[in-house]
Amino acid sequence: MKNKIIIAGGGTGGHIFPAIAIANAIKQMDASIEILFVGAKGKMEMEKIPEAGFAIKGLDIAGFNRSSLFRNVSLPMKLLKSFLQVRRIFADFEPEIVIGVGGYSSFPVLRYAQAKGIPTFLHESNSFAGKSNIMLGRKATKIFVASAGMEKFFPKNKIQITGNPVRAKIAANRITREEGISFFGLDPQKKTVLATGGSLGAKSINEALLNSLNEFEGSGLQLIWQCGKPFALTARNAAAGKKNIWTNDFINSMEYAFAASEIVVSRAGAMAIAELAIVRKPVVFVPYPYAAEDHQTANAAYLVQQNAGILIKDEDAKEKLVTAIISLAKDENKQNQLKENIGKLAVKNADAIIAKAIMSNVSGK
């Protein structure tokens with residue numbers, strides 16, 4: 001009988017791409033392992049996981065809506081329905097191990113696995129653990145974390161510091177700048193800025209760029225702009241006719257975007273930082289201010305202290321972001337300092353470390 005593993009979670013690229021990296025590392029160790037993902041219907045994992053070559057089952061579940069309490073009325077029913085769906089998935093698939101990577105779809109899956117006595121593993125990418133992971137951590141077999149100090153959230157004897165797994169395409173990127181520039185149809189003679197607010201876009205970054213697109217052309221810069229679905233039409237209309245602007249709601253081949261760019265604008269989530277450290281790019285961070293415990297601001301502030309990034313507050317982005325980008329583009333010395341220092345923080349083999357720890361619990365391994 002094949003050994004079978006379920007990987008649960010998603011919602012954003014920060015959960016999905018590490019999950020795919022872990023799955024690929026497990027398959028590298030043993031190609032006979034059968035892996036099934038479980039996510040939330042309607043979320044991006046339902047598209048991205050099959051694109052990566054893995055099967056996925058979707059749950060009818062939603063997270064707690066902090067902006068509208070009324071929308072949470074149906075939450076208990078959805079949670080109950082998701083547990084029934086999880087029970088059917090487990091009966092059909094019979095997993096030997098279950099891995100949770102964050103996102104609200106991971107909670108019912110790992111809670112059910114723990115109730116059945118199936119070994120569960122957690123990956124917590126952030127410096128502040130989510131509430132679901134904290135609850136699940138009490139009965140988890142092992143908890144993989146990116147940084148020290150996580151014993152305030154999890155049992156100390158279960159923690160293993162591994163860093164954050166990065167997509168193989170990025171960790172092993174051999175694409176040249178010329179290939180990257182050609183991929184986006186841009187000018188190889190111009191310095192290129194990559195702006196990404198994460199897989200879902202970032203309102204403050206988008207609005208700052210929208211108001212200043214002409215300044216990029218005036219400064220001899222070109223822009224690769226991942227804007228997210230809600231802003232896609234606005235961005236496309238604004239960029240129409242501008243040869244120095246490429247925009248889309250999502251960049252599937254981020255390795256080409258990193259190769260093409262000299263400067264990056266980004267949120268300051270743990271996974272974004274992990275990738276940016278590996279590709280060694282000068283970054284202007286605009287932290288998402290509503291992340292738990294404002295941990296993105298803490299992440300960016302730490303990098304600023306290491307001279308490994310520039311921080312612009314979300315509330316200041318409209319006024320200050322493009323000015324900071326143009327100023328950095330003119331300062332080669334600052335770019336080189338930022339590249340060198342962020343590169344010191346890179347962890348390239350987190351996926352393999354995690355896979356090895358998980359595989360030691362697979363029967364017969």
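Tabulated data for the structure shown
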| item | result |
| --- | --- |
| Within region 291-311, considering residues that are β-branched (V, I, T) and part of a helix (DSSP H, G or I), the one surrounded by the most Cβ atoms within 10 Å (Cβ to Cβ) | T297 |
| Filter result for the condition that a residue is in contact with an Asp or Glu (Cβ under 7 Å, 6 or more places away or on another chain) and outside the structural domain of L200 (by TED's automatic domain parsing), over I26, I35, I49, I16 | I16 |
| Criterion violated by V284 - all others in (1) of a type in the set (V, I, T); (2) out of contact with any Leu (no Cβ under 7 Å at 6 or more places or on another chain); (3) in a strand (DSSP E or B) satisfied | (2) |
| The lone exception for I181 - which of (1) in contact with a Ser or Thr (Cβ under 8 Å, 6 or more places away or on another chain); (2) without any contact (Cβ under 8 Å) to a residue 24 or more places away in the chain it fails | (2) |
| Selection status of N133, closer than 24 Å to K356 by Cα, without any contact (Cβ under 8 Å) to a residue 40 or more places away in the chain and either not in a strand (DSSP E or B) or not hydroxyl-bearing (S, T, Y) (or both) | yes |
| L210 vs. criteria touching a strand residue (DSSP E or B) at 6+ places or on another chain (Cβ under 9 Å), under 25 Å from S327 (Cα atoms) and not small (G, A, S) | no |
| Enumeration of residues in region 331-343 that are touching a residue at least 60 places away in the same chain (Cβ under 8 Å) and of a type in the set (D, E, K, R) | E340 |
| F250 in a helix (DSSP H, G or I) and free of Cβ contacts under 8 Å to residues at least 60 places away in the same chain | no |
| Members of region 232-253 found to be at pLDDT 95 or above and among the aromatic types (F, W, Y), listed by number | W246 |
| Which listed residue is part of a loop (DSSP other than H, G, I, E, B) and either closer than 27 Å to P165 by Cα or outside the structural domain of E124 (by TED's automatic domain parsing) (or both), from Q222, Q189 | Q189 |
| Lone unmet requirement of (1) in a helix (DSSP H, G or I); (2) touching a strand residue (DSSP E or B) at 6+ places or on another chain (Cβ under 9 Å) for F154 | (1) |
| The lone exception for I354 - which of (1) at pLDDT 95 or above; (2) assigned to a helix (DSSP H, G or I); (3) in the same structural domain as K190 (by TED's automatic domain parsing); (4) buried (at least 20 other Cβ atoms within 10 Å of the Cβ) it fails | (3) |
| Which listed residue, of E151, E217, is surrounded by fewer than 18 Cβ atoms within 10 Å (Cβ to Cβ) and under 23 Å from A260 (Cβ atoms) | E217 |
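Conditions (1) at pLDDT 95 or above; (2) of a type in the set (G, A, S); (3) under 23 Å from A21 (Cβ atoms); (4) surrounded by fewer than 20 Cβ atoms within 10 Å (Cβ to Cβ), marked per residue:
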residue: A259; (1), (2), (3), (4): yes, yes, yes, no
residue: V265; (1), (2), (3), (4): yes, no, no, no
residue: F285; (1), (2), (3), (4): yes, no, yes, no
residue: P289; (1), (2), (3), (4): no, no, no, yes
residue: A324; (1), (2), (3), (4): yes, yes, no, yes
residue: A329; (1), (2), (3), (4): yes, yes, no, no
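To keep it simple, each residue is scored yes or no on (1) buried (at least 21 other Cβ atoms within 10 Å of the Cβ); (2) at pLDDT 90 or above; (3) in contact with a His (Cβ under 6 Å, 6 or more places away or on another chain); (4) not aliphatic (A, V, I, L, M).
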site: I5; (1), (2), (3), (4): yes, yes, no, no
site: G9; (1), (2), (3), (4): yes, yes, yes, yes
site: A23; (1), (2), (3), (4): yes, yes, no, no
site: F37; (1), (2), (3), (4): yes, yes, no, yes
site: P50; (1), (2), (3), (4): no, yes, no, yes
site: G53; (1), (2), (3), (4): no, yes, no, yes
site: N72; (1), (2), (3), (4): no, no, no, yes
site: V86; (1), (2), (3), (4): yes, yes, no, no
site: I99; (1), (2), (3), (4): yes, yes, no, no
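The values are calculated or read from the model by the stated rules, or taken from the named source; none is laboratory data. No experiment lies behind these values; they were computed from the predicted model shown. Virtual Cβ from ideal backbone geometry, glycine too; neighbours counted across all protein chains shown.
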